[in-house]
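Where a number appears in this text, it was derived from the coordinates with a stated rule and is not lab data. Only a predicted model underlies this, so the values are computations on that prediction, with no experimental measurement involved. All Cβ positions, even for glycine, are placed from backbone atoms using ideal geometry, and neighbour counts span all protein chains on display.
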Amino acid sequence: MLIFLILLVMAGLTYFVSNFSPESINFRRTQQGQEALTQAREALIGYVLRYREVQYAQGQPGQMYGYLPLPDLGTTRNNNTGCLVEGCDAANFAGNAPNATVIGRLPWNTLGIEPLRDRHGECLWYAVSGSHQRIQQAVPMNWDSISHLDVVVANDTAALASALAGAHDRPVAVIFSPGPPLPGQDRAAAGGDDVTRCGGNYDAANYLDPATATALGGVTNYLAGTNKASAVTDPNTPKALSLQGRVFDSGGNFLPNACQGGNCDLVANDVGLSLTGDMLFGAIRKNAYFRADINSILDRMTFCLRDQVAAGGFAPAAIGGFTPPIDKSAGRIPDNACYDATQNPLGYYDHYKEMIFVAKPNSGNFTVNADANCAGVLLFASQRSNAQQRVTAVQRNTLSNYLEGSNLVNFAGVGTAFGSVGGPVVFDRTPPQSLEQDIARCIATGATFSTVESPTLTAEGFGQLVAYDPGTRILTLGREDVTTGAGASAGALFGCAWFAESRRLDDGFRTYFRFQFKNVGGTVGANGFVFTVADALKNNLLVCGAAGSHLGYSGDNGSTPKIAFPKIGIEFDQSRNAGFSENADPTLSGRNDPCGALGGGTAGFPSHSAITYWSHEAVNAVDTVTLPDFDDNVHGFPTVGSLAGPRLPPRSHADPATETGIKCVNLRGQPAATDDSRLYHVRVEVTPTRNVNASAELSNTSLRTQVWMEWDPTLTGQLDAIRNTTRPMSLLYPAYAATPTLSDTATLYDVQEAACVSGVCPAGQACGTDGMCYRPALDRIQLGFTGSQRTQDQQVEIYDFFTTWLP
């Protein structure tokens, strides 16, 4: 037993000693050094992925993904008012300038990490290209931005040679492991700067090599100026850096890693790790917010161009050296205030317009993604393939460096077909999309809003209560002198407008618009309008509701199809129709409206805003409903206990004092009754959550609807957040997000369709225990506005409508 224990101890000692051999210790140190470099690179990528949101929170909206922090140049030189200690980035230090490449210590404090050290205990250093530094920003910033840095290597010749295949392979940043000091390098503290954590000093030449500027064939891992930390650079003559570790001078030739014989001088030992633009944007493309921004700007451009076509046309911007084929006008997207950098997503246009191409036929239509009703096409060229180069002006004006397949063939030559059957129309992560996948968007014929008019008003010689001007992009609901008092039929006073493209609800949407009730005939009117979310599988662009207190949302007008449930309405109601009553005259129907100075109202004005649904689906004795199509905007319906069974329609709120889905809002003329109303900014967020049940008829969607309304122009932070639909309000303005004007979470049961066939239903549907097929409510939606009039003139103007869809 004793012998066994002795042998066991000897084996353990042997293992312990072998693991502390010089070779194993050196290997472990090398591994730790490489891990530190990798961790630093990951921290830089993390900084970039958070950059736009962090800058927004600090009052700098519109900052682009891709910009990198400055190095830490020392507390006596950094000019970072928000970070004054060791490890902070230098910000706009004295001497910074456009295109300035900067080298210093890794700004670990700014990155939110601890100081990282190399295998010899030195804190890491860091170089950022003048093309990508965050303060003196180069434009554009995208995946084609060319770095000012080159990587060179020793290969047993008298000069170091570039290790890169082309300009797109250059690093936008390099993290350095400085290694032990070489003769001539002084790493003692110089005084003045806070070096509590990293020690030493901030002179780059004391850490990065060579110690003698001419010792590496003119290549240095430092620059000029104070502490050799910065210099203006450019992409045409990039700054060469040596990253391969030990380099020896042997008789005028430079050897990597090792050198035999007596004629060997170690002139460099820096180890560097590159962060390339492709690495950076590979990570950025995985960011859902970035993809939402790209898709939002493509949406905005597509619909702006659609309206421009409807208003008379647009002219593509010329491409140098390119003559469009005889059948079309073609070029890059032209500048326009409708989608420029001042529009959300802020800033993107200036940075990505170079890769957006548009064309329109000289006659007829294009076919885009199998849609033959396209007045034009918008092509987003996306990232480069391995064969594409976008470095020189000539390359950037060469279509084949941007477009592929039929998009290239038919854009550059005669042809009318673009994209492919089914798309894609959405910029997505890679995979599933290939890196260079073109995104083709149809610029459809007709304006972005399709109006639903009242045929009776036309027959009676009146103008319509709905109009959309694609030139100004203003939607108008209501019209002066079209009332019952002017002789118009009460039931004919309705009008609707639908956004001309339906979309899948998927993960929800965020919508923004402004509106104002205009003074016409001495008043802002006594009706209102509804922003409507309708089930596109049960409705179309021809539907509209009834006149009067139905606001074009509820009821059947007898001329057009009604707006079928399921649906959601955001109601802006000018008047108080107290109590509930059914009446053949739509001007007399009571809606259980709250608010108002008379009749027990709770405010000194009669107007309110509310979230509505569709109330009763059938006759109901408890609520005395005999016309279930006509109670969709009755507040408080269906009342609690009026219905039995699990598949109940959602209840609209009725009491502003106790319920969150309805609120008294002054929509009247301000400051006097004879003035226009306030200009209201509105943001609507709709967020679905699926609840699947084993019994398909009990599956449902929990739908959270939040609405923010603001009119005060001094509340700039709130208004900026309301307008920016690319981010959730909870991220943009957390405190304001907690107090929406309206909010409600409703349960929408799946819609019953046809009977199951042998227990099977069409794709997207499930067979219930009752033998019927069911699909999610609002699975595909159409957005629009509905309005009406009755005894008083009314005119509401709606501006700047935009929606961010969440795939």
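Some values worked out for this structure:
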item: Dipole moment magnitude, nearest 20 debye, the chain about Cα centre, only Lys, Arg, Asp, Glu C-beta charged; result: 920
item: For V391, net neighbour charge (Lys/Arg +1, Asp/Glu -1) across residues whose Cβ lies under 15 Å away; result: -2
item: Overall form of the range 22-282 per C-alpha gyration tensor (a/c, 1.5; a/b vs b/c); result: prolate
item: Local net charge near I284, Cβ-Cβ under 15 Å (Lys/Arg +1, Asp/Glu -1); result: +3
item: Relative exposure of R187, R134, judged by other C-beta atoms within 10 Å (fewest first); result: R187, R134
item: Mean separation of Cα contacts under 8 Å (6+ apart) over length of the range 22-282, as relative contact order %; result: 20
item: Q792 long-range amide H proximity, modeled H, under 5 Å; result: A526
item: Selected from P594, G645, G461, residue furthest toward positive end of dipole (the chain; charges at beta carbon); result: G645
item: The range 42-131: proportion of alpha-carbon pairs further apart than 17 angstrom, %; result: 50
item: Mean separation of Cα contacts under 8 Å, 6 or more apart, over the residue count of the chain: relative contact order %; result: 10
item: Within the chain, helix-based [θ] at 222 nm, where runs of 4 or more DSSP H residues each add -39,500 (n - 2.57), nearest 500; result: -5000 deg cm²/dmol
item: Computed over the range 389-459: relative contact order in percent, which uses C-alpha pairs under 8 Å that are six or more apart; result: 21
item: Cα-based Rg and Dmax for the range 280-392, where Dmax is the largest Cα-Cα distance (Å); result: 14.9, 43
item: Lys pairs under 26 Å by Cα in the chain, provided they are eight or more residues apart or on distinct chains; result: 8
item: For C88, C338, C198, C761, order by how many other beta-carbon atoms lie within 10 Å, fewest first; result: C338, C761, C198, C88
item: Separation of alpha-carbon centers, the range 612-682 and the range 323-342, rounded to whole Å; result: 46
